Amino acid sequence: MEEFRYHRLRYLVEAEEMENDNSTVVKFILLGLTQSRDIQLLVSVLILIFYLIILPRNFLIILTIRSDPGLTAPLYFFRGNLAFLDSSYSFIVAPRMLVDFLSECKTISFEGCISQIFFLHLFTGTEIVLLISMSFDRYIAISKPLHYSTIMSQRACAGLVVTSWTVGFLHTMSQLALTLYLPFCGPNVVDSFFCDLPFIIQLACIDMYVLGIFMISTSGVIALISFLLLLTSYVIVLVTIKAHSSTGTSKALSTCTAHFMVVLMFFGPCIFIYVWPFTNFLVDKVLSVFYTIFTPFLNPLIYTLRNQEVKTAVKKKLRHQNLNLGKTTPSYPVQ
């Protein structure tokens, strides 16, 4: 049965390639994560569970931080923005993947593919700068506590968030500036479950060496430098805490370890994929699952819901909502 599906898919792919031969490509065929129906079903079920359980938590975090007067510190301001970013990020790849699971031949229009690339790099670039801003906030809070409120003012925090979105927008525009004008005149099969530049530019009908170098410098190298900056900030925070207090080292180590694992899941695949944009490894698609699907869902659990103040505020808000729902309509005496 699996062999029949594989040959049927190859037939559809070859038919599409013949149709697009010597003409401008108007749509792409996505081969998906795997040809195994069982693995696709397992991944789809996991993604659906994440949506039903964790995605509402992101919205609850945003609502709680926005409405609770006790969560006005810069730390919660950044985490609220991260939750909003992850909520937006999670709608790029995962829903399309769930829909494609039900389709035998997974096609996406050229415009849809470009839109997916645009938002993917917009949110990725924004999140990279936002994570660096959050680590800078923790560094100032621990190394310069007396000057924290002055340095991390509301204006400074808003400026860092605006800078994050500006850098993300400039990054994605730089990636698309050349891609939009590439000639796609024949091959249209993308060996992945979503559209991304390392897969798409290989289908262009011209030599893409220069664009490859450009993409390495603007994606791979930037991701690597950002990862090293974050790693350095975590080391400095731990060293500072250990120098001032031995009792808080264990808790800080636990927190930094959890944060570092999420950062590694986000940056590791990006660095691996974008440093070698013209080389397809079998593990590329598996790594893509981590930074496109799992990381946006894990961020609220690691960065926000581990915080005791946020957990208390969330429980209070849920309790308040339950009390409001439990109120019955007042009865009036019959006259």
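The values are calculated or read from the model by the stated rules, or taken from the named source; none is laboratory data. In this text, all values refer to a predicted model and were calculated from it rather than measured experimentally. Methodologically, a virtual Cβ is constructed for each residue, glycine included, from the backbone with ideal geometry; neighbour enumeration extends over all protein chains shown.
The table that follows gives values for the structure above.
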| item | result |
| --- | --- |
| Subset of the range 151-180 (residues that are assigned to a loop (DSSP other than H, G, I, E, B) and in contact with a helix residue (DSSP H, G or I) (Cβ under 8 Å, 6 or more places away or on another chain)) | Met152, Leu180 |
| Some residue of the range 8-30 being part of a helix (DSSP H, G or I), under 21 Å from the mean Cα position of the chain (by Cα) and either surrounded by fewer than 21 Cβ atoms within 10 Å (Cβ to Cβ) or at pLDDT 75 or above (or both) | no |
| Top-ranked residue in the range 69-124 [being of a type in the set (Gly, Ala, Ser) and touching a Lys or Arg at 6+ places or on another chain (Cβ under 7 Å); ranked as surrounded by the most Cβ atoms within 10 Å (Cβ to Cβ)] | Gly80 |
| Looking only at the range 203-223, and only at residues there that are in a helix (DSSP H, G or I) and surrounded by fewer than 16 Cβ atoms within 10 Å (Cβ to Cβ), the one that is nearest to the chain's Cα centre (by Cα) | Val221 |
| Odd one out for Cys157, checked against (1) under 21 Å from the mean Cα position of the chain (by Cα); (2) in contact (Cβ under 8 Å) with a residue 12 or more places away in the chain | (1) |
| Only one of Ile140, Ile108, Ile92 that is of a type in the set (Val, Ile, Thr), over 23 Å from Leu60 (Cβ atoms) and out of contact with any strand residue (DSSP E or B) (no Cβ under 7 Å at 6 or more places or on another chain) | Ile140 |
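Let's see how each residue does on (1) under 19 Å from Leu229 (Cβ atoms); (2) part of a loop (DSSP other than H, G, I, E, B):
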residue: Pro69; (1), (2): no, yes
residue: Tyr76; (1), (2): no, no
residue: Gly80; (1), (2): no, no
residue: Ser88; (1), (2): no, no
residue: Ile92; (1), (2): no, yes
residue: Leu98; (1), (2): no, no
residue: Ser115; (1), (2): no, no
residue: Phe136; (1), (2): yes, no
